[in-house]
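Have a look at the structure below before the remarks.
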Amino acid sequence: MNLGIDLGGSHIGVGLVEGSELKYTVDKFFSQDDRKDIENAIVRNIDELLNKILVENNLTLDNIKTIGVASPGTVSDGKITSGNLKIREYDLKSRLEKMYNKKITIRNDGKCAALAEKKYGSMKNYDDCVFVNIGTGLGGAAFMGGKLLEPKRYSGFEFGHMTLVKDGIECTCGKKGCFERYCSIKSLKERITKTLNIDSTDISGQFLRENLMVKYHDEVQNDINDFIDYLRIGICNLIDIFEPEIICFGGSFSYYEGHPVLNKLIEEINKQNTTFNDTKPKIVTAVFKNDAGIIGATID
Ligand SMILES: [Zn+2]
C-alpha cells in the first residue's frame, strides 16, 4: 500500500493507493489561520490527514511502502516554489523524511498525473506522449521512447508559460501573453463570467461546462472560439516540437470528454496546415481525471 499526498492551492488530500487504484481518501481545506503560517500548516495538515487515514484503515506506517507528494508549482530537489501557495524553495521533502523516517518523492502535480496516465491510463500503450494538464493553470510533461523527460535544473515543461500573444495579458509568472492566461479553465471561466456579467467566485467547473456554456451558448460563443483558437495554436506548437503519438488532456479539462469544445478543438487540430507534418497524434482525455495526480504521486 502507498500513500499519495495531493497538495493543492486551497486544500490537501491524502489517498491510499494500491497500483492504479485509489482506495480511500481524506482531505482538508486550508483555514485563514493556516494561510498566516503556510509552511508549518502544510506539514501539520499532512500529519493530521496521514494519521487519520492510517487509523481509519487499521494500518500503521510500517504497512506503507511509498509516500509521494503531488505539488503545485516548481519542484527542484524536493523544494517547492509556488505562487499559489506563496512559498519559495520550501524544503517539504526533508521535513517529511524527518517526520516519517521514509523516503519521500515530491513532483509537480502535472508530472504525477502524466506518470499515472502513462503507467496505467490512456497513454499506456504509447512511447512518445505529451500530457497537457489544464485546470487553474496549464502544465504538463512529455515522454520519449517511454521515458519521462526531466531536466537537471528546475521542472521544465512549463507549457503554460510559452508566450502565445505579444504584449498580451500579464501572467502570475510576471511575463505577458502566456499560454495559460488564454487557455486555462480558470481563464475561460473568468472570460465567460465577465461576458455574462456574473460573479465567478462560486461557479464550479461542472456548472461552467454543463450549464453556462450550453444555456448561454450564443452570448459566450466568441469567448469559446477564442479559447479553442489559442488552445489549437499552443497544442499544434507542442505537436511540432515533440511529434507525439498521443496527446492526453488532464486536469479539469479531462471532464470535457465528448463536450463540443473538445470535439471542435480536435477537428481544428486535424485540419491541414495546422502542424508541420500532416500525421496527427491521437487526442484523448485522462482516464483517472482529477485523481491522476494522487495516483501518480506514488509511482517511483
Ligand atoms: Zn506565465
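Working carefully through the options 76, 31, find the one that is modelled with pLDDT under 95, surrounded by 15 or more Cβ atoms within 10 Å (Cβ to Cβ) and among the small types (Gly, Ala, Ser). Just a single option satisfies the conditions, and that option is 76. Here are 228, 192, 247: which of them is part of a helix (DSSP H, G or I), more than 16 Å from the ligand (Cβ to nearest atom), under 28 Å from residue 281 (Cα atoms) and not assigned by TED's automatic domain parsing to the domain that holds residue 72? Of 228, 192, 247, the one residue that is part of a helix (DSSP H, G or I), more than 16 Å from the ligand (Cβ to nearest atom), under 28 Å from residue 281 (Cα atoms) and not assigned by TED's automatic domain parsing to the domain that holds residue 72 is 228. A residue that is within 23 Å of residue 284 (Cα to Cα), away from the ligand (no atom under 16 Å from the Cβ) and without any contact (Cβ under 8 Å) to a residue 60 or more places away in the chain occurs somewhere in segment 132-141.
In segment 186-214, the residues that are in contact (Cβ under 8 Å) with a residue 24 or more places away in the chain form Cβ pairs under 7 Å with partners that are of a type in the set (S, T, N, Q) and part of a helix (DSSP H, G or I), at six or more places apart or across chains, as follows: 205/252. The residues listed here are 117, 97; of these, the one that is surrounded by 23 or more Cβ atoms within 10 Å (Cβ to Cβ), among the acidic types (Asp, Glu) and more than 16 Å from the ligand (Cβ to nearest atom) is 117. Restricting attention to segment 179-189, and to residues there that are hydrophobic (A, V, I, L, M, F, W, C) and either under 13 Å from residue 169 (Cα atoms) or in contact with a Lys or Arg (Cβ under 8 Å, 6 or more places away or on another chain) (or both), which single residue is nearest to the ligand (Cβ to nearest atom)? Among them, the one singled out is 179.
To keep it simple, each residue is scored yes or no on (1) part of a helix (DSSP H, G or I); (2) of a type in the set (Phe, Trp, Tyr); (3) in the same structural domain as residue 243 (by TED's automatic domain parsing).
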position	(1), (2), (3)
118	yes, no, no
130	no, no, yes
133	no, no, yes
140	no, no, yes
143	no, yes, yes
154	no, yes, yes
160	yes, no, yes
165	no, no, yes
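Residue by residue through segment 258-279, note down the ones that are crowded, with 16+ Cβ neighbours inside 10 Å and in a loop (DSSP other than H, G, I, E, B). Those that are crowded, with 16+ Cβ neighbours inside 10 Å and in a loop (DSSP other than H, G, I, E, B): 259, 274, 275. Please identify the pairs in which a residue from segment 21-41 that is in the same structural domain as residue 84 (by TED's automatic domain parsing) has its Cβ atom under 7 Å from the Cβ atom of a residue that is hydroxyl-bearing (Ser, Thr, Tyr) and in a loop (DSSP other than H, G, I, E, B), counting only partners at least 6 apart or on another chain. If the second residue must be hydroxyl-bearing (Ser, Thr, Tyr) and in a loop (DSSP other than H, G, I, E, B), the pairs left are 29/10; 30/10.
For residue 152, the test of being surrounded by fewer than 20 Cβ atoms within 10 Å (Cβ to Cβ) and within 16 Å of the ligand (Cβ to nearest atom) is failed. Each residue in segment 165-178 was checked for being of a type in the set (A, V, I, L, M, F, W, C) and more than 7 Å from the ligand (Cβ to nearest atom), and 2 pass.
The values are calculated or read from the model by the stated rules, or taken from the named source; none is laboratory data. Predicted model, so just to flag it, every value in this text is computed and none were measured. Neighbour counts are summed over all protein chains in view; Cβ atoms, including those assigned to glycine, are modelled from backbone coordinates with ideal geometry.
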